[in-house]
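> Submitted below is the structure of interest, expressed as structure tokens.
The values are calculated or read from the model by the stated rules, or taken from the named source; none is laboratory data. Keep in mind that this is a model prediction, so the values were computed, not measured. Quick reminder, even Gly has a Cβ in these numbers, built from the backbone with ideal geometry, and neighbours come from all protein chains shown.
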Amino acid sequence: MSDTIKLHYDVDGRDFTRAGEASGKIKKTLKDIGFPPEVIRNTAIAVYEAEINLVIHAGGGEIDVEIAPDYVEVILTDHGPGIENVELAMQEGYSTAPDQVRALGFGAGMGLPNIKKYTDEMKIDTVLGEGTVMTLKIYVK
Amino acid sequence: MKVSEIMKVLDAELVYGEEFLDREVQSACGSDMMSDVLAYVKEQAVLLTGLVNPQVVRTAEMMDMKCIVFVRGKSPDLGMIELAEENGIPLLKTKREMFTSCGILYENGLRGGAHRPE
């Protein structure tokens, strides 16, 4: 389709202060396109949580976005340790984040549950020791 | 409640955003855990926090929040102020503690007003 927009971001895993930069840019792009505020906010929150995860769990990664008139798809790819138990990680309050991450305001075990809440589709493909690919889709209703 | 009124009742100092003093705030959220803040969408909310790092401003940005109040005398650094400028989010700071600040705002009519998308 000719009217899709594709964006690509590399997320630096070494700098926590810069985590969220890509999400901020994606949010601005959606705003410029003029999507409904709820779609923009839900996408922004989900991608932001996922971007934070890339930094605190996976040492960085990549974010690919496809924006179509009726949906936004975001694919987050990392080469981190993988998720040992996805079902457990999806439970609110379950976290494997170290204490220093909690001191930064994250690692409350709300990341993945939040992402699920704010998206229409969420898929996690993870291989221990190799990495994780998370695909998120938000429809423009 | 306007940002300027929040400033007055919390005896707060304006760190950034003089042009936003008339902005209307309808709900509030107090937390040092940004993941918890991200779990509940509020309309036109003010964020009260004792956490000082750029992710506080990022969280407010993603949530379309209208104002951030740093409690317990915490001060945002220059990078955070720049990020707030970029996103048009006024920053206040107060010496009052979290519980007291939340109580004062509640007393003045602000409520949680949170909902989660299902």
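> Within the range A:14-37, can one find any residue that is in contact with a Pro (Cβ under 9 Å, 6 or more places away or on another chain) and not in a helix (DSSP H, G or I)?
Among the residues of the range A:14-37, at least one is in contact with a Pro (Cβ under 9 Å, 6 or more places away or on another chain) and not in a helix (DSSP H, G or I), which makes the answer yes.
> Then there's this: Quickly run through the range A:45-62 and pick out the residues that are assigned to a helix (DSSP H, G or I) and touching a Ser or Thr at 6+ places or on another chain (Cβ under 6 Å).
A:46, A:47, A:48, A:51
Residue by residue, here is whether (1) farther than 24 Å from residue B:60 by Cα; (2) in contact with a helix residue (DSSP H, G or I) (Cβ under 9 Å, 6 or more places away or on another chain); (3) in a strand (DSSP E or B) holds:
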site: A:64; (1), (2), (3): no, no, yes
site: A:73; (1), (2), (3): no, no, yes
site: A:84; (1), (2), (3): yes, no, no
site: A:93; (1), (2), (3): no, yes, no
site: A:96; (1), (2), (3): yes, yes, no
site: A:129; (1), (2), (3): yes, no, no
site: A:132; (1), (2), (3): yes, yes, yes
site: A:137; (1), (2), (3): no, no, yes
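> To continue, here is another question. May I ask you to list the residues in the range B:1-14 that are in contact (Cβ under 8 Å) with a residue 60 or more places away in the chain and closer than 18 Å to residue B:45 by Cβ?
B:1, B:3, B:5, B:6, B:7, B:9, B:10, B:12 - these are the residues of the range B:1-14 that are in contact (Cβ under 8 Å) with a residue 60 or more places away in the chain and closer than 18 Å to residue B:45 by Cβ.
> While we're on this one: Given the structure, is residue A:71 more than 23 Å from residue B:42 (Cβ to Cβ) and of a type in the set (Ser, Thr, Tyr)?
yes
> Would you mind stating whether residue A:38 is acidic (Asp, Glu) and either away from chain B (no Cβ under 14 Å) or under 12 Å from the mean Cα position of the chain (by Cα) (or both)?
Spelling it out, it is not the case that residue A:38 is acidic (Asp, Glu) and either away from chain B (no Cβ under 14 Å) or under 12 Å from the mean Cα position of the chain (by Cα) (or both).
> Sort through B:109, B:103 and tell me the only one that's more than 11 Å from the chain's Cα centre (by Cα), more than 13 Å from chain A (Cβ to nearest Cβ), in a loop (DSSP other than H, G, I, E, B) and farther than 28 Å from residue A:97 by Cα.
Sole residue among the options that is more than 11 Å from the chain's Cα centre (by Cα), more than 13 Å from chain A (Cβ to nearest Cβ), in a loop (DSSP other than H, G, I, E, B) and farther than 28 Å from residue A:97 by Cα: B:109.
> For the condition farther than 28 Å from residue A:138 by Cβ and either within 12 Å of another protein chain (Cβ to nearest Cβ) or of a type outside the set (A, V, I, L, M) (or both), what is the one hit in B:31, B:4, B:27, B:35?
B:4
> Quick one: is residue B:51 under 20 Å from residue B:75 (Cα atoms) and either modelled with pLDDT under 95 or not in a loop (DSSP other than H, G, I, E, B) (or both)?
No, not satisfied.
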